[in-house]
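Student: Have a look at the structure that comes next, please.
Just so you know, all these numbers are worked out from the coordinates, no wet-lab data involved. If you're wondering where the values come from, they're calculated on a predicted model, not measured in any experiment. Neighbour counts are summed over all protein chains in view; Cβ atoms, including those assigned to glycine, are modelled from backbone coordinates with ideal geometry.
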Amino acid sequence: MKTPVRRLPTLEFKYKDSKAVSNTATLLGVLGNLPKYRRIVRQLDEVVRETKPDVIINFFEPIAAFYTLTRSDRPPVVAIGHQFMFQHPGYVKTPELWKQLFSMKLYTRLLGARATSWRCRFTSGRPAGKTDHRRPPILRKQLF
């Protein structure tokens, strides 16, 4: 099956010292580019209306999450990403990195918001950290 690919830009993370994401600079950059991102969401809406997909699979893409949040007349959206593991109750927490964990949890909630499925359908129920090499810990066996 040949499917045409249409590339759309996405928001950019700002980094401090070329290492860690700067939440403040990233948020200010997003706010400063809101008109641009609104145009990109409209472009995505055009692609969805043109192609009429049965389902949208969002691999942790913020523009697709904004689309999901702002459109009620759309196909079901499944949000997938290993980052949703941060929402697992057994995720190992490092007290000195509480701000980073809080930011990441907030970001993952934003990217999963209004998705038809994300954490609840993809969490296996096994404790975080338990190793099963036959399938990743956050995926249910029904997916296979």
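Student: Excluding R114 itself, calculate the net charge of residues whose Cβ lies under 10 Å from the Cβ of R114, where each Lys or Arg counts +1 and each Asp or Glu counts -1. Could you put the intermediate results ahead of the total?
Tutor: Values: positive: R71, R74; negative: none.
For residues surrounding R114, the net value is +2.
Student: Could you sort 66-79, 11-24, 36-49 so that the peptide with the highest average Cβ count within 10 Å comes first and the rest follow in order? Working shown, then result.
Tutor: Values: 66-79: 16.9, 11-24: 11.6, 36-49: 14.7.
Top to bottom by mean Cβ count within 10 Å: 66-79, 36-49, 11-24.
Student: For the stretch 2-80, what mean projected area does the convex hull of the alpha carbons give, in nm²? Show your work: numbers first, answer last.
Tutor: Values: hull surface 25.5 nm².
Over every viewing direction, the Cα hull of the stretch 2-80 projects on average to 6.4 nm².
Student: Evaluate the distance, in nm, between pseudo-label points positioned 7 Å from the Cα of S18 and of F102 along their respective Cα→Cβ axes.
Tutor: Modelled inter-label distance: 3.1 nm.
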